[in-house]
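A short worksheet on the structure shown next.
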Amino acid sequence: MKTRYSDISAFTTKDGSQIRELMHPAQHRNRNQSLAEATIAPGQTTALHRHLASEELYHIASGDGRMRLGSEEFNVRSGDTIFIPPGTAHRITNTGTQPLRILCCCSPPYAHEDTELL
């Protein structure tokens, strides 16, 4: 199964980021994980939230930001990868002047119902 970026429409998730589902079981043949690209505009912060079942990997594809992960806060930039355990509160702020682009891998796959705003 192959997807093409230009064929995938973006939508807004509960946390306020623009998402493109690059691969998701609801649309493709994969079963155990999802892969999406999140885009966060300069100065924008996603809503503080957590996923009760899913663990996430964030890979910063481009841009600069500040990540809150549980009680920690730290700067992130292109090339960084962050592990977000299930149940951990998190949000990210774009601190740069360009869009912050993040590849997000979730297992089990992302589901709106698994997202709890805090």
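Yes or no, residue by residue, for (1) in contact with a Pro (Cβ under 6 Å, 6 or more places away or on another chain); (2) at pLDDT below 95; (3) among the aromatic types (Phe, Trp, Tyr):
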| position | (1), (2), (3) |
| --- | --- |
| Asp15 | no, yes, no |
| Ile19 | no, yes, no |
| Leu22 | no, yes, no |
| Gln27 | no, yes, no |
| Pro42 | no, no, no |
| Tyr58 | no, no, yes |
| Ser62 | no, no, no |
| Met67 | no, no, no |
| Gly70 | no, no, no |
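Among residues of segment 15-74 being among the β-branched types (Val, Ile, Thr) and under 14 Å from Ala89 (Cβ atoms), the one that is surrounded by the fewest Cβ atoms within 10 Å (Cβ to Cβ) is Thr45.
For segment 69-101, enumerate the residues that are farther than 14 Å from Gln44 by Cα and in contact (Cβ under 8 Å) with a residue 40 or more places away in the chain. Walk me through how you get there before you give the answer.
Quick first cut of segment 69-101, residues farther than 14 Å from Gln44 by Cα only: 69-90.
Passing the criteria: Ala89, His90.
Evaluation of Thr93 against the conditions (1) modelled with pLDDT under 95; (2) in contact with a Lys or Arg (Cβ under 7 Å, 6 or more places away or on another chain) shows that the sole unmet condition is (1). Considered as a group, the residues in segment 1-41 that are within 10 Å of the chain's Cα centre (by Cα) and among the small types (Gly, Ala, Ser) include one that is nearest to Pro108 (Cα to Cα), and that residue is Ala36. Looking across segment 75-96 at every residue that is over 17 Å from Gln18 (Cα atoms) and β-branched (Val, Ile, Thr), the one that is surrounded by the most Cβ atoms within 10 Å (Cβ to Cβ) is identified as Val76.
Between Ala47, Ala53, Ala36, the distinction of being farther than 21 Å from Leu118 by Cα, touching a residue at least 12 places away in the same chain (Cβ under 8 Å) and of a type in the set (A, V, I, L, M, F, W, C) belongs to Ala36 only. Among residues that are touching a Cys at 6+ places or on another chain (Cβ under 7 Å), assigned to a strand (DSSP E or B) and small (Gly, Ala, Ser), Ala36 is included. Within segment 1-33, track down each residue that is polar (S, T, N, Q), outside any loop (DSSP other than H, G, I, E, B) and more than 20 Å from Gly63 (Cα to Cα). Listed by number, the list holds a single entry, Ser6. In summary, Ser34 fulfils each of the numbered conditions (1) modelled with pLDDT of 95 or more; (2) touching a Phe, Trp or Tyr at 6+ places or on another chain (Cβ under 7 Å) with the single exception of condition (1).
The values are calculated or read from the model by the stated rules, or taken from the named source; none is laboratory data. Predicted model, so just to flag it, every value in this text is computed and none were measured. A quick note on method: Cβ atoms are made from the backbone with ideal geometry, for glycine too, and the neighbour counts reach across all protein chains shown.
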